[in-house]
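Enquirer: Here it is, the structure in full.
The values are calculated or read from the model by the stated rules, or taken from the named source; none is laboratory data. In this text the structure is predicted, and so the values were computed from the model without any measurement. Every residue, glycine as well, gets a Cβ built from its backbone with ideal geometry; the counts of neighbours run over all protein chains shown. SASA here: full protein model, heavy atoms, side chains in, ligands and nucleic acids out. Shrake-Rupley method; radii C 1.70, N 1.55, O 1.52, S 1.80 Å.
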Amino acid sequence: MQARSRKKVEALLDAAERIVVERGVEAVSTRDIADAAQVPVASLYQYFADKEAVFLALAERHMAEMDEQTLVDLAESRAQGPLSVGSLVETSMRAFIKVYLRRPAFVEIYLRGRTNPALHAYGRDHNRRIAATLHEVAIEEGLAGPDLPEAAALLAVELGDRVFQLAFERDDDGDAAVIEEGIALLTSYLERYEIAPAATAGVSVGTPA
């Protein structure tokens, strides 16, 4: 029964993903989603309270995919040589972009349609989790000392989120110039905390203003 339920939920999410790209967030109703999934609308309400709950579940699925892509790409980057702050920033941001490009519904729901309070709150919580992970990676890899503020990592992730909003606001492929400037901006900001290769462990280059 659980397997059948999961299959039904996935079918509803897949249907929502298709029609959001075709019509946009505001034009989609629960009946539209049910029709696209070829199930009675009552079946949708067994799992979701409304269309906003469907969109939240879809965003959660895409964010999980984003987390996985980021970890995979960081592992590949690490295999090619030691990470730097610059490569950490660029690898992470380009991993996000990969998911946005292959999940256009995610762009519609998360970057262009943030009218759902629950989705907004989930996005902020996801940013905090991403920031905590990247903060941990930076320290474990010896890129920054323990004096790297968690607030700096969180601010960098939040700024990156805004960069993606601007880059994908009207461009389905993401505005390359905005993305490049965003990567440069975040790299410059975080490099204040980077440990020089020849520096003694725990000694940062420069003192944050």
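Enquirer: Hey, any hits in segment 152-169 for a residue that's of a type outside the set (S, T, Y), more than 17 Å from the chain's Cα centre (by Cα) and either modelled with pLDDT under 90 or open to solvent by less than 50 Å² (accessible area, probe 1.4 Å) (or both)?
Expert: Start the filter on segment 152-169 by keeping residues that are of a type outside the set (S, T, Y), which leaves 152-169.
Still in the running and more than 17 Å from the chain's Cα centre (by Cα): 152.
Cutting the leftovers down to either modelled with pLDDT under 90 or open to solvent by less than 50 Å² (accessible area, probe 1.4 Å) (or both) gives us 152.
Within segment 152-169, one or more residues are of a type outside the set (S, T, Y), more than 17 Å from the chain's Cα centre (by Cα) and either modelled with pLDDT under 90 or open to solvent by less than 50 Å² (accessible area, probe 1.4 Å) (or both).
Enquirer: How many residues does segment 58-68 contain that are open to solvent by 20 Å² or more (accessible area, probe 1.4 Å) and in contact (Cβ under 8 Å) with a residue 12 or more places away in the chain?
Expert: Total meeting the criteria: 4.
Enquirer: Go through segment 170-191 and give me each residue that's open to solvent by 80 Å² or more (accessible area, probe 1.4 Å) and assigned to a helix (DSSP H, G or I). Talk me through it step by step, then tell me what you get.
Expert: At the first step, the residues of segment 170-191 found to be open to solvent by 80 Å² or more (accessible area, probe 1.4 Å) are 170, 172-173, 180-181, 185, 191.
Selection gives E180, E181, L185, E191.
Enquirer: State whether one or more residues within segment 69-87 are surrounded by fewer than 19 Cβ atoms within 10 Å (Cβ to Cβ) and under 13 Å from the mean Cα position of the chain (by Cα).
Expert: yes
Enquirer: Could you list, in sequence order, all residues of segment 40-66 that are among the β-branched types (V, I, T) and within 17 Å of A118 (Cβ to Cβ)?
Expert: If the condition is that a residue be among the β-branched types (V, I, T) and within 17 Å of A118 (Cβ to Cβ), then V54 is the only one that fits.
Enquirer: Select from segment 93-124 the residues that are exposed (fewer than 15 other Cβ atoms within 10 Å of the Cβ), aliphatic (A, V, I, L, M) and modelled with pLDDT of 95 or more and list them in ascending order.
Expert: L101
Enquirer: Does V41 count as open to solvent by less than 30 Å² (accessible area, probe 1.4 Å) and touching an Asp or Glu at 6+ places or on another chain (Cβ under 9 Å)?
Expert: Spelling it out, it is not the case that V41 is open to solvent by less than 30 Å² (accessible area, probe 1.4 Å) and touching an Asp or Glu at 6+ places or on another chain (Cβ under 9 Å).
Enquirer: How about segment 134-151: which of its residues are farther than 15 Å from V85 by Cβ and either at pLDDT below 95 or not aliphatic (A, V, I, L, M) (or both)?
Expert: If the condition is that a residue be farther than 15 Å from V85 by Cβ and either at pLDDT below 95 or not aliphatic (A, V, I, L, M) (or both), then P146, E150 are the ones that fit.
Enquirer: Given the conditions (1) within 14 Å of H62 (Cβ to Cβ); (2) touching a residue at least 24 places away in the same chain (Cβ under 8 Å), report the number of the one that T115 does not fulfil.
Expert: Just one mismatch for T115, condition (1).
So that you can scan it fast, the table gives a plain yes or no per residue for (1) in contact with a helix residue (DSSP H, G or I) (Cβ under 8 Å, 6 or more places away or on another chain); (2) among the basic types (K, R); (3) farther than 19 Å from V163 by Cβ; (4) touching a residue at least 24 places away in the same chain (Cβ under 8 Å):
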{"site": "M93", "(1), (2), (3), (4)": "yes, no, no, yes"}
{"site": "I97", "(1), (2), (3), (4)": "yes, no, no, yes"}
{"site": "P104", "(1), (2), (3), (4)": "yes, no, no, yes"}
{"site": "E108", "(1), (2), (3), (4)": "yes, no, no, yes"}
{"site": "A121", "(1), (2), (3), (4)": "no, no, yes, no"}
{"site": "E136", "(1), (2), (3), (4)": "no, no, yes, no"}
{"site": "E150", "(1), (2), (3), (4)": "yes, no, yes, no"}
